[in-house]
Amino acid sequence: MKALPTPRSVAITRSWSNLDWASVFAAIIYPALGVLGLIAAAIIGWSFAGVALVWWYIPLALFAGAVTLVVCNIGIGVLHRIWQHKAGELRWPAQVLTAFNCVVAMQGRFRDWVNYHSQHHRLSDKPGDPHNPAEGKLWAWLGWLFWRDPNDLQRPLAMWLRETRPVVIFDRHYSLISLLVHLVLPAVIYLLVWALGGSLILTLILHSSAIVARGIQFHATILGVNVFGHLKTPAWADYLLALLTGGEAFHDHHHDEPRSALHLPRRGLINRLVDYNGTALLIFEKLRWARNLQIAPQFASRPRLSAG
């Protein structure tokens with residue numbers, strides 16, 4: 001009998017010297033900056049008579065956060081279902097959109113994402129699974145992200161993605177593209193708002209709301225999939241996490257039917273609203289941005305009975 005690998009939480013040394021600061025920034029520091037931005041906006045608005053805070057900033061902030069959350073989820077969902085599990089094929093507009101959305105979601109290089117997830121499916125809930133919740137819920141949530149095995153990060157891009165140009169380009173220039181998206185682009189927007197005489201305080205609120213929403217989505221995904229997705233949870237928790245992850249947190253069927261573009265049945269308004277990552281793929285199919293979508297039998301439309 002082949003021996004199982006050593007549990008990752010035991011095999012990987014945890015120290016300051018091998019802490020993955022990029023993951024710490026994505027998971028902790030950047031969301032905290034968003035919270036501080038909202039606090040700063042409130043303090044400035046209440047402290048200075050010349051700065052106006054009005055009630056309709058709140059729905060605008062919620063809208064900015066909701067849009068950001070959906071954008072991040074659609075990126076991760078399409079990455080997971082199509083590029084990871086080959087549940088279909090994407091044409092270049094959807095490829096570029098997915099790659100960009102994943103940068104917004106701070107998912108790191110596709111090479112590492114796909115390799116880690118492949119190991120997870122190969123050794124799910126067993127020693128060697130990168131985020132095995134049996135080794136500790138905190139490890140499956142954050143530990144595996146913060147402390148990496150250098151061998152994992154040296155693995156090459158998966159063979160089936162090497163001809164997908166946006167994946168190759170975004171991986172090759174990931175740090176630069178991330179800097180442009182998360183630092184340069186916001187700086188340009190602030191500058192334009194200032195130059196045009198717009199409200200910098202509203203811009204700060206919207207920007208901070210988007211940052212906080214991305215942090216919520218980030219943690220909902222790793223908690224909803226890596227931890228709660230492998231535990232028995234009540235239906236209300238499944239649907240709440242699914243709303244925050246675009247359907248990725250519906251995980252009980254996933255290891256049985258990994259090559260499914262949908263995580264809930266095709267029909268039904270609630271199904272399509274909750275599993276909106278799958279709905280995005282159906283829209284891509286209508287736009288001819290996606291083809292050959294694979295759908296698990298239990299999620300496909302029931303065949304219509306012919307008359308007579």
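The values are calculated or read from the model by the stated rules, or taken from the named source; none is laboratory data. Here the structure is a predicted model, which means the values were calculated and not measured. No Cβ is skipped: glycine too gets one built from the backbone with ideal geometry, and neighbour counts run over all protein chains shown.
Observations on the structure shown:
- Residue satisfying condition, being more than 21 Å from Pro93 (Cβ to Cβ), modelled with pLDDT under 95, surrounded by 10 or more Cβ atoms within 10 Å (Cβ to Cβ) and among the basic types (Lys, Arg), within set Arg302, Arg272, Arg267: Arg267
- Residue check: Val167 meets all listed conditions (1) surrounded by fewer than 19 Cβ atoms within 10 Å (Cβ to Cβ); (2) touching a Phe, Trp or Tyr at 6+ places or on another chain (Cβ under 6 Å) but one, namely (1).
- Within the stretch 239-266, residues that are within 15 Å of Val70 (Cα to Cα) sit with their Cβ atoms under 9 Å from residues that are assigned to a helix (DSSP H, G or I) and of a type in the set (Asp, Glu), at 6+ positions apart or across chains, in these pairs: Ala249/Asp238.
- Test: Ser118 is surrounded by fewer than 19 Cβ atoms within 10 Å (Cβ to Cβ), part of a helix (DSSP H, G or I) and either basic (Lys, Arg) or touching a helix residue (DSSP H, G or I) at 6+ places or on another chain (Cβ under 8 Å) (or both): yes
- Taking (1) exposed (fewer than 14 other Cβ atoms within 10 Å of the Cβ); (2) in contact (Cβ under 8 Å) with a residue 24 or more places away in the chain; (3) in a helix (DSSP H, G or I) in turn, Thr6 satisfies each apart from (3).
- Some residue of the stretch 173-184 being part of a loop (DSSP other than H, G, I, E, B) and touching a residue at least 12 places away in the same chain (Cβ under 8 Å): no
- Boolean, Asn101 is surrounded by 21 or more Cβ atoms within 10 Å (Cβ to Cβ), polar (S, T, N, Q) and in contact (Cβ under 8 Å) with a residue 60 or more places away in the chain: no
- Every condition in (1) of a type in the set (A, V, I, L, M, F, W, C); (2) touching a residue at least 40 places away in the same chain (Cβ under 8 Å); (3) outside any loop (DSSP other than H, G, I, E, B) holds for Ile58 except the one numbered (2).
- Candidate set from the stretch 151-161 (those that are free of Cβ contacts under 8 Å to residues at least 12 places away in the same chain and of a type outside the set (A, V, I, L, M, F, W, C)); member that is farthest from His230 (Cα to Cα): Gln154
- Some residue of the stretch 194-204 being touching a residue at least 24 places away in the same chain (Cβ under 8 Å), surrounded by fewer than 20 Cβ atoms within 10 Å (Cβ to Cβ), touching a helix residue (DSSP H, G or I) at 6+ places or on another chain (Cβ under 8 Å) and outside any helix (DSSP H, G or I): yes
- Qualifying positions in the stretch 138-154 - crowded, with 17+ Cβ neighbours inside 10 Å and closer than 19 Å to Gly215 by Cα: Trp139, Ala140, Trp141, Leu142, Gly143, Trp144, Leu145, Phe146
- Lone unmet requirement of (1) among the aliphatic types (A, V, I, L, M); (2) farther than 18 Å from Leu157 by Cα; (3) touching a helix residue (DSSP H, G or I) at 6+ places or on another chain (Cβ under 7 Å); (4) in a helix (DSSP H, G or I) for Val78: (2)
- Verdict on Phe110 being in contact with an Asp or Glu (Cβ under 6 Å, 6 or more places away or on another chain), surrounded by 22 or more Cβ atoms within 10 Å (Cβ to Cβ) and in contact (Cβ under 8 Å) with a residue 24 or more places away in the chain: yes
- Near pairs, Cβ below 7 angstrom, 6+ apart or cross-chain, from the stretch 13-37 (more than 15 Å from Gly108 (Cβ to Cβ)) to any residue that is assigned to a helix (DSSP H, G or I) and hydroxyl-bearing (Ser, Thr, Tyr): Gly34/Ser208; Gly37/Ser208
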